[in-house]
Amino acid sequence: MEGKARFIFPILMTAIIVFLVSAVVTAINIGFRSDYVAQWMRSFFVAWPIAAVVAFVAIPLARRGTQMVVGAIDGRK
C-alpha cells in the first residue's frame with residue numbers, strides 16, 4: 001500500500017473492528033439497558049484512537065512476522 005492508502009486503511013480497519021468489539025463488550029459488561037448506546041459510543045470513541053495508533057505500529061511488525069512465518073513454511077530463512 002502506498003501514499004494516502006497507507007494511512008487511511010488502518011484508520012478504517014480499526015474503526016470497523018473497534019465498532020463491533022466495543023458493541024459486544026459493552027453489551028456483556030452492562031447489558032442492553034437504557035444508556036447502552038451512549039456507553040457503547042463512549043467506549044468506541046475512547047478505544048478507536050488507541051487502536052489506530054497501535055495499528056500504525058503493529059502493521060509493519062505483522063508484515064515482517066508474516067514474511068518470516070511464510071518463509072519458514074516454505075523452507076527459506
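Kindly indicate which of THR14, THR66 is hydroxyl-bearing (Ser, Thr, Tyr), free of Cβ contacts under 8 Å to residues at least 40 places away in the same chain and within 23 Å of GLU2 (Cβ to Cβ).
On the way: THR14 fails: free of Cβ contacts under 8 Å to residues at least 40 places away in the same chain.
Within the list THR14, THR66, the selection yields THR66.
Residue check: is GLY31 modelled with pLDDT under 95 and loosely packed, with under 12 Cβ neighbours inside 10 Å?
Details: modelled with pLDDT under 95: no; loosely packed, with under 12 Cβ neighbours inside 10 Å: yes.
So GLY31 does not fit the description; no.
What number of residues in region 20-64 are closer than 17 Å to PHE9 by Cα and of a type in the set (Phe, Trp, Tyr)?
2
The values are calculated or read from the model by the stated rules, or taken from the named source; none is laboratory data. Fair warning: this is a prediction, and the values are worked out from it, not measured in the lab. Neighbour counts are summed over all protein chains in view; Cβ atoms, including those assigned to glycine, are modelled from backbone coordinates with ideal geometry.
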